[in-house]
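The values are calculated or read from the model by the stated rules, or taken from the named source; none is laboratory data. For clarity, every value in this text was computed on a predicted model and none was experimentally measured. All Cβ positions, even for glycine, are placed from backbone atoms using ideal geometry, and neighbour counts span all protein chains on display. In case anyone asks, the SASA skips ligands and DNA or RNA and just uses the protein heavy atoms, side chains included. Shrake-Rupley method; radii C 1.70, N 1.55, O 1.52, S 1.80 Å.
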Amino acid sequence: MKSDFNILLENSHQLISHILNNGLTPLKKNLDQIELQTRKLVAKASKDDSGIDSRAHYLLANKGFDAEHISQVLNNLTLNYTYEYQQPINDTDIEASLNTELDSIIYHSFEKSKSQTAKDNSDSYENSIYDSWEKTKQRILEELVQYSVNIDDINNTSNTSHQSTNNESSLGYNTNHGFTSESQNLLINKKKKYVEIIEKFNNARIKDESFNLISNLKQCAVQLDSSLLNKNSNSSNNSNNDYRISSIVESWELLSSIINEQKLSKFRKADKNGLYNIYNKEVDGPISAIDNIEIRKMITDGARKYLENFFWKWIENKIIKNPKEAMLGGKPGVIQKIRAFLNITFKKYGEWENPIFELINNTPVWAQIYYLIRSGHYNDALKYVISIEHELRSREEDSNFVDYFKAWLESPDKKLSKYLRNRLLTEWNEHIRYIIDPVTNEVHGDPFKYALYKIIGRCDMTYKKIPGDIVMPTVEDYMWFHLILVQESHLTDEPNQERYGLSEMSQTMQQYGPGFFQKGLQWFYVLLMCGEFEKAIAYLFSIEKYQVEAVHFAIVLAYYGLLRVPLKPNNLETGLLTMNRSTNTIQFNFSRLIHQYCRSLKMFDTSTILNYIYIVALYGIDYSKKYNNYYSDIIYQSGKYYTDLTYMYICEIILERNEFVDSKGEANIVGNKVLQDVEKHSKLIYIHSSQEFIEKITKVAAHQCNDDGRINDAIVLFNMAKEYNHVIRLLNKQLGDAIAQYKYSNTFISNGISLSPTKTAMTSNNITIKYSDPLNRSISLKNERVQLSVVQKSGNSQDGTKKFGQNDISHIMSTSLDKTTSSNYDIISVEMAEKILSYYLQQQSIYCTISEKNRTTCTILLGLLKFMNYWKENKLEQAIHVFETLSLIPFDKDMATIMKKANEFRNLDENIAKNFPEILVIIMSCVHNMWCQYKQSTYNDETRQAKMIDLQRKARVIAVFAGSIQFRMPGDIYSKISEMEIHMQ
């Protein structure tokens, strides 16, 4: 092949040999260059050259050429497609290729989408099962052992009790605990004491009376706190600086100091008991009272004052126990007591232990001033400063301190003017700053002077602590120092490093975490002082012996609007804390805490438990009223959710307790004692009328009872709700199920075919259908509940409640139940059904509310049960007579009537229609057995023959009727009927 190309190249050179012989230099071009030149020539040739020289035109015309015609022909030639393929090349069919690629992409997209959908569906199904199991597991554990167990804690026993494996791990504690084993008697006694307070609290709310909830709960804690009795005697064993908040009683005192009811009263609304009254447009959501600057000031001041009072009590107690060292004498005042405290703390053998103290009149002046304000005696501190003003002004470094101190105390916000603060900062930078080395933390002067200047001037706010254990030896001192530095302000022109409010203090403390505050309840107190109430309650709840107290702390905070809750809590979440991503705030699942706590109160009666459920409605709204523009949409929907959640919890609690009808029929005309108690508290759950109570509570409970198979409770509740038609419908269903209990078996008797009833334990007058309790609760549990000291109204006639009369439905049910020997509570009897129907039919107002179809169906079902009773007792003649009176089959009519009746079969109620095939077999067996008895009789008179002919006619009618509805029955039914009918013919 290579030689052929060489030959071709040589021949091409020969073509231009005559040109080369003329001495012209050949031009060597490659193929691309040749193609480019060719295309240029083509382009030139394709141009429209209309400007032909006229002389050329005459010349060509003389030679016989038609120049104009030739020009037109040349112009019509198109050379644009000279180098393009005229036929499409299959390998470069771009359109087909793109279509193929598009189809492939669509196919793969469908396949991928199908695969992803299947995977998502599988994952969703697995997640749903897992969530359902977690929820069921939590409920089972709470039901059976009264506390829930964190599986992660079981699998990781090496972890500490305050570690968490969920999204709360960063908080340092686990809130997924339930109510665990404390000494049972002590735990019940504790719950009983707190229950009495909550009942009084709700009664006061009903009457719109003031009730100091915190004081009452604190008094309850005092009675329960055995450590309080030994507190004074044990304090002498503590070291000089070892004073700490150590009991739950002190925590109630702290909360009482933090919460100022007068300030909070303006944040409460009459129709909502005071929550979520502020709407934040920036985040499009509600904010609690804690987000208000005045409330944050209240918390800061309250916490600081509590620490000051607590410290002063400790000082006085220490002076009493150390009179010799104190050297108080005379009529001591506050200033003298602080001096005595300094003698005890810093003096030894008559000399001050620390030589760095600055003394005036042999008194460490800066320590004296510091401890006066540390104990909350600001006016006494000012009085003392004025008393030594001459000495201070005579000292160059401290000459202006009196001015600073006066201005600081006189300011309502404890804030210096800009002019004075600049002067103080100058002195700070020149003299005071270096008393403590910021690098080595070495003390080179009086640390109390350093602390006072830092407090008054808020100096160097990036460094908010004093090293060593002289000024701040305890956590309480450290917290007080931060609280006195906190300043809440509406202004935002302050530099970032100068801003230090309650939220910044909270961030500072949470950087340390609970591991740093490990002694007793220190971390709980720290969180309370920082306004982190949600985390405080969750932490306290994680400590087993304080779980009951945690619930009641949460109730107080919820009542005063200081607890942030989710707008719509996720009931599948097992933790108490959730994060609001939009506002980046921690929220507390208050409703879940209350619901979980109620499950631990099984030893108390239902009314007692419901007192806690009513508190959930604090976060609800009265949505039965006309929509109030005061609420935004998001707050309205959230409030409606919490109101409905309260109703759901109420129904759940009272249904689980199984107390609507007892074995003695002790019920009153507007409901049993449980619903009566709920109605008494209806104001707390935004129910204003009996009809509203029926719609929101009674009907919901009735439907739930029906779903759970608790028929007696459902009937009583629907009767209370005046849903009489529903009562009859429910009776029809149960009577239909009772008919289905009858079994039959076809056997051949020696002289013919017979269908006999099976032997059962049912009596002839008491056909029953039974349901087991889904939670397997025992009725005897009601007698084991704790009786409270609070007086409960009895159910006798003296309390103003009307008893059920002799004909009332509940009395009918209870007397029917008394006649049964079964221990099962949920029973429907034929006798009870008859009496209920009879009672309804006698009352004209009730009769009109029941549909004719339901009345007829109930009557037919009762007749069928009587018919089957007679058949069961082998009273065939009575059975046939009862069946004829029901007119289900027209025995005495012609064939056209029979066919018409068969066509009406589809209009029968489902409770009759589902049993009708078996009923036909039974009536056929009655007719057949009766015919066999006459046939086997030794008497051969006309009456016997007439009876047999009549029975044959009835058997024929039954067979024809069965044939007409054959397609609506099982195949073997018609064959059995036909077999017996043929045998009779």
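Kindly provide the set of residues from segment 854-883 that are of a type in the set (Ser, Thr, Tyr) and open to solvent by 10 Å² or more (accessible area, probe 1.4 Å), ordered by number. Lay out the reasoning, then the answer.
Looking only at segment 854-883, we keep the residues that are of a type in the set (Ser, Thr, Tyr), and these are 856-857, 859, 870.
Within segment 854-883, 856, 859, 870 meet the criteria.
Does residue 131 satisfy the criteria of being at pLDDT 55 or above, over 30 Å from residue 524 (Cα atoms), among the charged types (D, E, K, R) and over 22 Å from the mean Cα position of the chain (by Cα)? Break it down stepwise before answering.
Working: at pLDDT 55 or above: yes; over 30 Å from residue 524 (Cα atoms): yes; among the charged types (D, E, K, R): yes; over 22 Å from the mean Cα position of the chain (by Cα): no.
Taking the combined requirement at face value, the residue does not satisfy it.
Exactly one residue among 512, 539 is over 16 Å from residue 296 (Cα atoms) and buried (at least 24 other Cβ atoms within 10 Å of the Cβ), and that residue is 539. From the list 32, 48, 4, the lone residue that is open to solvent by less than 100 Å² (accessible area, probe 1.4 Å) and either part of a loop (DSSP other than H, G, I, E, B) or modelled with pLDDT of 70 or more (or both) is 4.
Quick one: is residue 640 assigned to a helix (DSSP H, G or I), at pLDDT 80 or above and open to solvent by 10 Å² or more (accessible area, probe 1.4 Å)? Break it down into steps so the answer makes sense when it comes.
Details: assigned to a helix (DSSP H, G or I): yes; at pLDDT 80 or above: yes; open to solvent by 10 Å² or more (accessible area, probe 1.4 Å): yes.
Answer is yes for this residue.
Considering 707, 713, the condition of being open to solvent by 40 Å² or more (accessible area, probe 1.4 Å) and over 18 Å from residue 613 (Cβ atoms) is satisfied by 707 alone.
From the list 922, 949, exactly one residue is within 21 Å of residue 875 (Cα to Cα), open to solvent by 50 Å² or more (accessible area, probe 1.4 Å) and either part of a helix (DSSP H, G or I) or modelled with pLDDT of 80 or more (or both). Which is it?
On the way: 922 fails: open to solvent by 50 Å² or more (accessible area, probe 1.4 Å).
Result: 949 is the single residue among 922, 949 that is within 21 Å of residue 875 (Cα to Cα), open to solvent by 50 Å² or more (accessible area, probe 1.4 Å) and either part of a helix (DSSP H, G or I) or modelled with pLDDT of 80 or more (or both).
For residue 817, which of the numbered conditions (1) of a type outside the set (D, E, K, R); (2) assigned by the TED database to the domain that holds residue 972; (3) outside any loop (DSSP other than H, G, I, E, B); (4) modelled with pLDDT under 85 fails to hold? Result: residue 817 fails condition (2) only. The lone criterion from (1) within 30 Å of residue 675 (Cβ to Cβ); (2) assigned to a helix (DSSP H, G or I) left unmet by residue 602 is number (2).
Among the residues making up segment 326-356, those that are assigned to a loop (DSSP other than H, G, I, E, B) and more than 20 Å from residue 385 (Cβ to Cβ) are 327, 328, 329, 330, 331, 349, 350, 353, 354, 355, 356.
Filter segment 357-379 for residues that are in a helix (DSSP H, G or I) and either surrounded by fewer than 20 Cβ atoms within 10 Å (Cβ to Cβ) or basic (Lys, Arg) (or both) and give the result. Even if it seems obvious, please write down each step before you answer.
So in segment 357-379, the residues in a helix (DSSP H, G or I) come out as 365-374, 378-379.
If the condition is that a residue be in a helix (DSSP H, G or I) and either surrounded by fewer than 20 Cβ atoms within 10 Å (Cβ to Cβ) or basic (Lys, Arg) (or both), then 374, 378, 379 are the ones that fit.
Yes or no, residue by residue, for (1) modelled with pLDDT under 85; (2) not in a helix (DSSP H, G or I):
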| position | (1), (2) |
| --- | --- |
| 136 | yes, no |
| 142 | yes, no |
| 179 | yes, yes |
| 210 | yes, yes |
| 217 | no, no |
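Pairs meeting the criteria (first residue in segment 315-342 and touching a residue at least 60 places away in the same chain (Cβ under 8 Å), second residue crowded, with 18+ Cβ neighbours inside 10 Å and part of a loop (DSSP other than H, G, I, E, B), beta carbons under 8 Å, at least 6 apart or on different chains) are 315/375. If you go through segment 432-479 and keep only what is of a type in the set (Phe, Trp, Tyr) and within 23 Å of residue 381 (Cβ to Cβ), you end up with 448, 450, 453, 478. Residue count for segment 181-204 satisfying the condition of being at pLDDT 90 or above and either outside any helix (DSSP H, G or I) or open to solvent by less than 40 Å² (accessible area, probe 1.4 Å) (or both): 10. Looking only at residues of segment 654-678 that are under 30 Å from residue 565 (Cα atoms) and open to solvent by 10 Å² or more (accessible area, probe 1.4 Å), we find that the one that is modelled with the lowest pLDDT is 657. Take residue 963 and decide whether it is assigned by the TED database to the domain that holds residue 886, over 21 Å from residue 882 (Cβ atoms) and modelled with pLDDT under 75. Judged against the criteria, residue 963 is not a match.
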